[in-house]
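Student: Have a look at this one before I ask anything.
The values are calculated or read from the model by the stated rules, or taken from the named source; none is laboratory data. Quick caveat, the model's predicted, so the values are computed rather than measured. So basically every Cβ, Gly included, is an ideal-geometry build from the backbone, and we count neighbours across all protein chains shown.
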Amino acid sequence: MYSIRYEVPAPIEAYDALHTAVKDVTASDGEGLLVHIARPTAAGFEIIEVWESQERFGAFVTDTFPKAVATLGGMGDMQAPPIEEFELRGFLVYAKDPIVV
C-alpha cells in the first residue's frame with residue numbers, strides 16, 4: 001500500500017469543485033484508491049489517501065487527475081502541493097460498496 005497526505009492552500013470550495021470533477025472522471029473501481037479523506041484546515045484543506053500502490057497513484061496523477069482539472073478552467077494554474085508519504089500502521093475498512101460523500 002502507498003499512503004500519502006498533503007495540504008493545499010486554497011479555499012475549501014476549490015476542494016469541493018475538484019472533488020466533484022474527480023468523481024466524474026474516475027473509473028467506478030476507484031483506480032486503485034482505497035481511502036480518501038479530506039478536511040478543512042486554517043490554511044485551506046488537507047487530503048489523506050491510501051492507494052493500492054505508488055504505481056496506481058502515479059497513473060491516477062498522470063491520466064485521470066488532469067482530465068478533472070481540465071473541466072474546472074482556472075484551477076489548472078495551481079501548483080501541486082508537496083506530498084508527504086507516511087508508513088501506514090493500521091488499515092481496516094468494512095464497507096462492501098463505495099461510500100461517497
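Student: Among (1) in contact (Cβ under 8 Å) with a residue 60 or more places away in the chain; (2) more than 21 Å from Pro98 (Cα to Cα); (3) touching a helix residue (DSSP H, G or I) at 6+ places or on another chain (Cβ under 6 Å), which single condition is Tyr2 missing?
Tutor: (2)
Student: A further question on this structure: Name every residue in segment 1-20 that is among the hydroxyl-bearing types (Ser, Thr, Tyr) and touching a strand residue (DSSP E or B) at 6+ places or on another chain (Cβ under 6 Å), in order of residue number.
Tutor: Tyr2, Ser3, Tyr6, Tyr15
Student: On to the next question. Quick one: in segment 5-30, of everything that is acidic (Asp, Glu) and within 26 Å of Asp97 (Cα to Cα), which residue is modelled with the lowest pLDDT?
Tutor: Here the residue is Asp29.
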